[in-house]
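Enquirer: Handing you this structure, nothing more for now.
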Amino acid sequence: MPNTTLKIEGMTCASCAARIERKLKGVPGVQNAAVNFASQKAYVQTESAPDITALEGAVEKAGYSAKLYSPQPKASQAYQEEQDRLGWRLVMGGLFVLPFLMEHLLMALRPFQLPLPVQSVFATLVFFIAGWPFHQAALRGLRHGEVTMDTLISLGASAAYFSSLPALFGWKVETYFDAASLILFIVTLGRYLEVLSKRRANRGLEMLLNLKPRVAHVIKETHQVDLPVEMVADGDNLSVRPGEAIPVDGYVLEGKGRVDESLLTGESMPVEKRPGDRVFAGTPNGPTSLILKADQVGEETALARIIRLVEEAQGSKASVQKFADRVAAFFVPAVLALALATVLGWVFAAGRSWGFGLSHAIAVLVIACPCALGLATPIALMVGIGVAARQSILIRRAEALEKSNRLDVVVFDKTGTLTEGKPRLVDMLVLDGLEEEKLLRYAAAVEMGTNHPLASAILKEVMVLDLVVPGAERVVETPGAGLQGMVEGHQVVIGTKAFVESLEGVPPSPQVRANVEAYRQGGQTVSLMALDGKITAILVMEDPPRANAKEVVQKLKGLGLQVHLLTGDGEVVAQRVGGRVGVDVVRANMDPAGKLGYIRGLQEKGLKVAMVGDGYNDAAALTGADLGIALGTGTDVAKEAGDMVLVQGGLAKVVEALQLSRATFSIIRQNLFWAFTYNLAALPLAVFTQVPPAWAALAMSLSSVTVVLNALRLYGKKFNGV
């Protein structure tokens, strides 16, 4: 289903986001909509091509404006604009609030009070300059029959301001000009600090956006022309100068050098590039020039896909956030009712004055504003997902952070996940005193045109020994069995024992059979090589565990998790690998359906399961598991099925991803605890005790800033997989 991102303007609180979300879900063809207050974006999923006009109209009906979002290199521009809008109001409000603050300080030394006309002038300026965004948002909400957090702030300040005006005409009433001014100034200060914090929370995404090059040097037939990157097409040849960022994905045509791919791999060491090697957009070139051919441009580059995944993940919601959103949506009407009950209770039940009751009601309206509740989860998700992206961990769905916190079992695929996925030639038993190098050259000659794992193992060995590979003729491959061909006048046959046995005149001796069986019992893969009708060598391959596989398994056990290994290989190979890395359970001979069935069996026992895989045959298991973790070196199918994609492909990132997820979810829990505790504790104080409205405003603003600063602590944490 198509996904559309809208940039929303005018949102000031979580209840604004909830209202826009409801309007968008009412648009025909919309399957789902999620509005993120912290990022000021709406993420809409539609059945078919989206009707942008209808979506923008729905947002406008809610009282806000929207436009199709397009990532810009200066991701903080929107926050800068919001910061500027609030900044001048904050400065002006501060100037006019300063006399009230001086009044309070002087009153501590001796009785002093500003003349009422002076108070009213300063309060009026603050009310309409600093307070205008809140009044405007409140009126907009009322026009659409909605109440928001801005409604509480505007009502509280308005009640304090307008109830004081009769004093200018000689009426004996309590005056709250100072409270009205301080409420709006402090809340504006809180909003300003929120914008600064949200801007930092988006820093990880902004860093990715800023990596996108602006210009590409496109090579034409007779000259070179500089074009915007957006105008580069598949198949164009490009020149990349020393130190420049590579503009598109492609492969090297000419030149040799080093490219810093830490963006994609997490590895600090530059990667050697030669003709034929792939390069990726946004990665800085080293000190030599390269000529490239573009094969993925624009939104199809690896960098663009990473940015898109990060943005979509930041816009998705964990179930704990959905619960907080529901609470915030009902909270505002409840607070309005409580404020009214507070006034009536103090006047009619306690026999106090209307001014006394109004003072309590103003404190209720301001102190109960659930901004902290609305920010608690989305700001932590934004920071956590942003930090993960910087660590080469792509969290595709916010639910993954929550699921990571409840896991019981981590299930690994074997080949390419726990093992390197690239079999190595670990032994070559040469018979009858023939030259090993000659046999390797002949083996490489017939294997040159195939993609069998044995071929790559032999060719790698030949490259290491720097041997010259002769040409081969009449090569015939029997899939799954072996191949044969002519090399320098000799017939060369390589394949399984059964394949070689099936060829006339090539019977293996008892010694050869015994050696083959011994290697197989050791969990290794064996092929035979025959030369001119006579078995001449036993080729032994092994797909070794990754260097840090055992440490990763131990780390996961240290996190309180069971570790299981599933593989399509035979029992001997599976047990050998499982024993070497120290997993708890090994299951062999597993096809894709068997892997999925095994995971469902664990789930039926009440266990929460994560699946780590990299291949086509892992896609079903990755989807069926509670949490799917795909290695970035794997297939596109596996990556699409995973909730997380480990771009680097290193196993240590599995531990790092779980540590980061747990830390993020811990921050979310702390934020929600603080937000709920603050409101539960503050409301009774505002109702039953004398809390000055200005102090109520300060407490409300501090609660919002507290949850934001708590989320930003993730930037200072270290996550080391191994």
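The values are calculated or read from the model by the stated rules, or taken from the named source; none is laboratory data. It should be emphasised that the depicted structure is a prediction, and the values quoted were computed from it without experimental measurement. Positions of Cβ are backbone-derived with ideal geometry, glycine not excepted, and every protein chain shown enters the neighbour counts. Ligands, DNA and RNA are excluded from the accessible area calculation, which covers all protein heavy atoms including side chains. Shrake-Rupley method; radii C 1.70, N 1.55, O 1.52, S 1.80 Å.
Enquirer: Looking at (1) open to solvent by 10 Å² or more (accessible area, probe 1.4 Å); (2) not in a helix (DSSP H, G or I), can you tell me which one Lys550 breaks?
Expert: With respect to (1) open to solvent by 10 Å² or more (accessible area, probe 1.4 Å); (2) not in a helix (DSSP H, G or I), Lys550 is out only on (2).
Enquirer: Anything in the range 119-169 that is basic (Lys, Arg) and under 36 Å from the mean Cα position of the chain (by Cα)? List them, or say none.
Expert: Matches in the range 119-169: Arg140 only.
Enquirer: In addition: Can you name the residue in the range 64-75 that is in a loop (DSSP other than H, G, I, E, B) and within 26 Å of Arg19 (Cβ to Cβ) and is also modelled with the highest pLDDT among such residues?
Expert: By that ranking, first place goes to Tyr64.
Enquirer: Let me ask something else. Any residue at all in the range 196-216 that is open to solvent by less than 10 Å² (accessible area, probe 1.4 Å), closer than 30 Å to Lys293 by Cα, small (Gly, Ala, Ser) and at pLDDT 80 or above?
Expert: Looking for residues that are open to solvent by less than 10 Å² (accessible area, probe 1.4 Å), closer than 30 Å to Lys293 by Cα, small (Gly, Ala, Ser) and at pLDDT 80 or above, one finds at least one in the range 196-216, hence yes.
Enquirer: While we're looking at this one, here's another question. What are the residues in the range 408-431 that are surrounded by fewer than 19 Cβ atoms within 10 Å (Cβ to Cβ) and among the charged types (D, E, K, R), if any?
Expert: Result: Asp408, Glu420, Lys422, Arg424, Asp427.
Enquirer: Filter the range 526-544 down to residues that are in contact (Cβ under 8 Å) with a residue 60 or more places away in the chain, open to solvent by 20 Å² or more (accessible area, probe 1.4 Å) and of a type outside the set (Lys, Arg), then give me how many there are.
Expert: 3
Enquirer: Residues of the range 145-155 being modelled with pLDDT under 75 and surrounded by 15 or more Cβ atoms within 10 Å (Cβ to Cβ), which ones?
Expert: Glu146, Val147, Thr148, Met149, Leu152
Enquirer: If you take the residues in the range 159-183 that are in a helix (DSSP H, G or I), in contact (Cβ under 8 Å) with a residue 40 or more places away in the chain and not hydrophobic (A, V, I, L, M, F, W, C), which one is most open to solvent (accessible area, probe 1.4 Å)?
Expert: It comes out as Asp178.
Enquirer: Let me ask something else about it. Only one of Leu440, Leu434 is among the hydrophobic types (A, V, I, L, M, F, W, C), farther than 30 Å from Asn548 by Cβ, touching a strand residue (DSSP E or B) at 6+ places or on another chain (Cβ under 8 Å) and surrounded by 19 or more Cβ atoms within 10 Å (Cβ to Cβ). Can you tell me which?
Expert: Selected residue: Leu440, the only one of Leu440, Leu434 that is among the hydrophobic types (A, V, I, L, M, F, W, C), farther than 30 Å from Asn548 by Cβ, touching a strand residue (DSSP E or B) at 6+ places or on another chain (Cβ under 8 Å) and surrounded by 19 or more Cβ atoms within 10 Å (Cβ to Cβ).
Enquirer: Looking at the range 30-50, which of the residues that are part of a loop (DSSP other than H, G, I, E, B) and touching a Leu at 6+ places or on another chain (Cβ under 8 Å) is most open to solvent (accessible area, probe 1.4 Å)?
Expert: So, considering only residues that are part of a loop (DSSP other than H, G, I, E, B) and touching a Leu at 6+ places or on another chain (Cβ under 8 Å), the one most open to solvent (accessible area, probe 1.4 Å) is Phe37.
Enquirer: Further, regarding this structure: Restricting to the range 657-709, and then to whatever is within 29 Å of Gly345 (Cβ to Cβ), of a type in the set (S, T, N, Q) and in a helix (DSSP H, G or I), can you tell me which residue is modelled with the highest pLDDT?
Expert: Among residues in the range 657-709 that are within 29 Å of Gly345 (Cβ to Cβ), of a type in the set (S, T, N, Q) and in a helix (DSSP H, G or I), the one modelled with the highest pLDDT is Thr677.
Enquirer: Out of the range 427-469, which residues are in contact with a Lys or Arg (Cβ under 9 Å, 6 or more places away or on another chain) and touching a residue at least 60 places away in the same chain (Cβ under 8 Å)?
Expert: If the condition is that a residue be in contact with a Lys or Arg (Cβ under 9 Å, 6 or more places away or on another chain) and touching a residue at least 60 places away in the same chain (Cβ under 8 Å), then Leu431, Asp432, Pro453, Ala457 are the ones that fit.
Enquirer: I need the full set of residues from the range 119-144 which are open to solvent by 30 Å² or more (accessible area, probe 1.4 Å) and modelled with pLDDT of 90 or more, in order please.
Expert: Val121, Phe122, Thr124, Leu125, Phe128, Ile129, Trp132 - these are the residues of the range 119-144 that are open to solvent by 30 Å² or more (accessible area, probe 1.4 Å) and modelled with pLDDT of 90 or more.
Enquirer: What about Val573, is it closer than 24 Å to Ser404 by Cβ and either in contact with a strand residue (DSSP E or B) (Cβ under 8 Å, 6 or more places away or on another chain) or crowded, with 21+ Cβ neighbours inside 10 Å (or both)?
Expert: no
Enquirer: Moving on to the next point. If the requirement is being buried (at least 19 other Cβ atoms within 10 Å of the Cβ) and out of contact with any helix residue (DSSP H, G or I) (no Cβ under 8 Å at 6 or more places or on another chain), which of these qualifies: Ala445, Ala472?
Expert: The match here is Ala445.
Enquirer: Quick test of your reading of the structure: Glu542 fulfils all but one of (1) of a type in the set (D, E, K, R); (2) under 30 Å from Pro507 (Cα atoms); (3) out of contact with any strand residue (DSSP E or B) (no Cβ under 9 Å at 6 or more places or on another chain). Name the failing condition by number.
Expert: (3)
Enquirer: Let me ask you something else. Search the range 134-146 for residues that are within 16 Å of Ser65 (Cα to Cα) and pair each with any residue that is open to solvent by 20 Å² or more (accessible area, probe 1.4 Å) when their beta-carbon atoms are under 7 Å apart and the residues are at least 6 apart or on different chains.
Expert: Ala137/Thr12; Gly141/Val147
Enquirer: Hey, could you check the range 389-427 for residues that are in a strand (DSSP E or B) and acidic (Asp, Glu) and say which is nearest to Leu660 (Cα to Cα)?
Expert: Filtering first and then ranking leaves Asp413.
Enquirer: If you don't mind, another one. Among (1) in contact with an Asp or Glu (Cβ under 6 Å, 6 or more places away or on another chain); (2) open to solvent by less than 10 Å² (accessible area, probe 1.4 Å); (3) without any contact (Cβ under 8 Å) to a residue 24 or more places away in the chain, there is one condition Met486 misses while meeting the rest; what is its number?
Expert: If we test Met486 against (1) in contact with an Asp or Glu (Cβ under 6 Å, 6 or more places away or on another chain); (2) open to solvent by less than 10 Å² (accessible area, probe 1.4 Å); (3) without any contact (Cβ under 8 Å) to a residue 24 or more places away in the chain, just (2) comes out false.
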